[in-house]
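First comes the structure, then the notes that go with it.
The values are calculated or read from the model by the stated rules, or taken from the named source; none is laboratory data. A quick note: this is a predicted structure, and the numbers were derived from the prediction, not measured. Methodologically, a virtual Cβ is constructed for each residue, glycine included, from the backbone with ideal geometry; neighbour enumeration extends over all protein chains shown. Accessible surface areas use protein heavy atoms only, side chains included; no ligands, DNA or RNA. Shrake-Rupley method; radii C 1.70, N 1.55, O 1.52, S 1.80 Å.
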Amino acid sequence: MQLSGKVALVTGAAQGLGKGCAEAILERGAKVALLDTNESAGQETAADFALKYGADRCTFILCDVTAKDQLEGAFQKVVDHFGGLDLVVNNAGILNEVQWEKCIDVNLVSVVRGCHLGLRYMGKQNGGNGGLIINMSSVAGLYAFPSPVYATTKAGVVGLTRSLGMDYKLGRDCVRVNALCPSFTTTAILADPEVPEDQYQHMKDMLERGGGLMQIPDVVKGLAKLLDEDDKNGAVLEVTVQGMKYHGDESGPWDRESGTHQPNLCIA
Ligand SMILES: NC(=O)c1ccc[n+]([C@@H]2O[C@H](COP(=O)([O-])OP(=O)(O)OC[C@H]3O[C@@H](n4cnc5c(N)ncnc54)[C@H](O)[C@@H]3O)[C@@H](O)[C@H]2O)c1
Ligand SMILES: CCCCC[C@H](O)/C=C/C=C\C/C=C\C/C=C\CCCC(=O)O
């Protein structure tokens, strides 16, 4: 996707992976709205970006993605402020197995809503120009993971992305939907997860066996790949210290007999 002059909205963009993604999008010439509940970090990030990329190219919007009115209001603010919308990164997420309903609300319900809003504002059938949605899932959405509710939310994001990314609807809305699945990356989410001790110890063991931590720029390379590959729709990209690979190339039962696989290719 050519991003110069385009408009992006990134949730959970005050820090961590969301901030890293927002900066990569700014570097490619787009304007970016940063949404987050953390007002001080969000304002600080926006001020930093304004200095580097220009005050007219970045804005912070205080928004709790789990509050329907706030998320809807934020999408409208972005369109009013920048005059359109071309790219949505549904990134905000938490790991909390204790307050597990909240974990589902932030990581899955809000991503569903963010996709619906992306389709509403970017969908050609609604007067938009088409666009791209990138959902932040996790390797925990692809393989067994010691925090089951977190894993469920991330697997849900994979299913949502694949299904919204089916090509039968692309001719109508011209909005592609892809997902990024990183492994453990150094951000604040690792610092103090609300998980029982046995889950935490098992994660540390997995981290060691998996080759250790990634850094934010490693994950941003995955985002860049999804931004560059315009033929991808419904694609799910795993990003780990071992490299990157797409998931989901097996045929479903409807294609198995013919031996054909219908790839989700962009026809827009
Ligand atoms: N760091 C990792 O190892 C890792 C690996 C795979 C996937 N992820 C996913 O990446 C995403 C970003 O996480 P991160 O690692 O950068 O963590 P982080 O804690 O540094 O960043 C998360 C951001 O989301 C914001 N946020 C949380 N709840 C929110 C809400 N209700 N509304 C708006 N903003 C909210 C936080 O304030 C924070 O700025 C999450 O979806 C996470 O599940 C992280
Ligand atoms: C195998 C799946 C990896 C997915 C990562 C997942 O999306 C996010 C996890 C968030 C929190 C995990 C919490 C703790 C990890 C355990 C140890 C971290 C040690 C950190 C360090 O040594 O600095």
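Grab the other residues whose beta carbon is less than 14 angstrom from that of residue 70, score K and R as +1, D and E as -1, and report the net.
Overall, the nearby charge balance is -3.
Read phi for every residue in region 95-100 and hand back ³J(HN,Hα) as whole Hz from Karplus 6.51 cos²θ - 1.76 cosθ + 1.60, θ = phi - 60°, with x for Gly and Pro.
Ordered by residue, 3J(HN,Hα) equals 10, 8, 7, 7, 8, 5 Hz.
Could you report the accessible area of residue 100 in Å², rounded to 10, computed with a 1.4 Å probe on the protein chains as they sit in the structure?
120
For region 15-135, treating each Cα as an identical point scatterer without solvent, what Debye log10 I(q)/I(0) comes out at q = 0.19 1/Å?
Those come out to -1.07, one per q.
Given Cα pairs under 8 Å that are at least 6 residues apart, what percent is the relative contact order of region 185-246?
That works out to 33 percent.
Expressed as a fraction of 2.2 N^0.38 Å, the rule-of-thumb size for a compact globular protein of N residues, what is the C-alpha radius of gyration of region 122-208?
Details: Rg = 16.6 Å, N = 87, 2.2 N^0.38 = 12.0 Å.
Working it through for region 122-208, the quotient is 1.39.
How large is the helix-only mean residue ellipticity at 222 nm for the chain, computed as the sum of -39500 (n - 2.57) over DSSP H runs with n ≥ 4, divided by its residue count, in deg cm²/dmol to the nearest 500?
Calculated at 222 nm, the ellipticity per residue is -12500 deg cm²/dmol.
Quick one: Cα convex hull volume of region 177-268, Å³ per residue? Could you put the intermediate results ahead of the total?
Working: hull volume 13.5 nm³, N = 92.
Hull volume normalised by residue count: 147 Å³.
Compute, for the chain, the length of the dipole vector about the Cα centre, with Cβ point charges of +1 (Lys, Arg) and -1 (Asp, Glu) only. Units Debye, rounded to 20. Provide the component values of the computation, followed by the final result.
Working: 24 positive and 33 negative charges, 155 e Å.
Once rounded to the nearest 20, the dipole reads 740 debye.
Just read off the accessible area of residue 197 with the full protein assembly in place, 1.4 Å probe, to the nearest 10 Å².
110
Over 25 Å apart: what share of the alpha carbon pairs of the chain falls there, rounded to a whole percent?
42
Could you please state how large a percent of the accessible area of the chain is carbon and sulfur, counting protein chains only and using a 1.4 Å probe?
Working: 6250 of 12270 Å².
Accessible surface attributable to carbon and sulfur in the chain totals 51 percent.
Which lysines have a Cα less than 17 Å from the Cα of residue 124, not counting those fewer than 8 places away in the same chain?
Candidates past the 8-residue exclusion: 6, 169.
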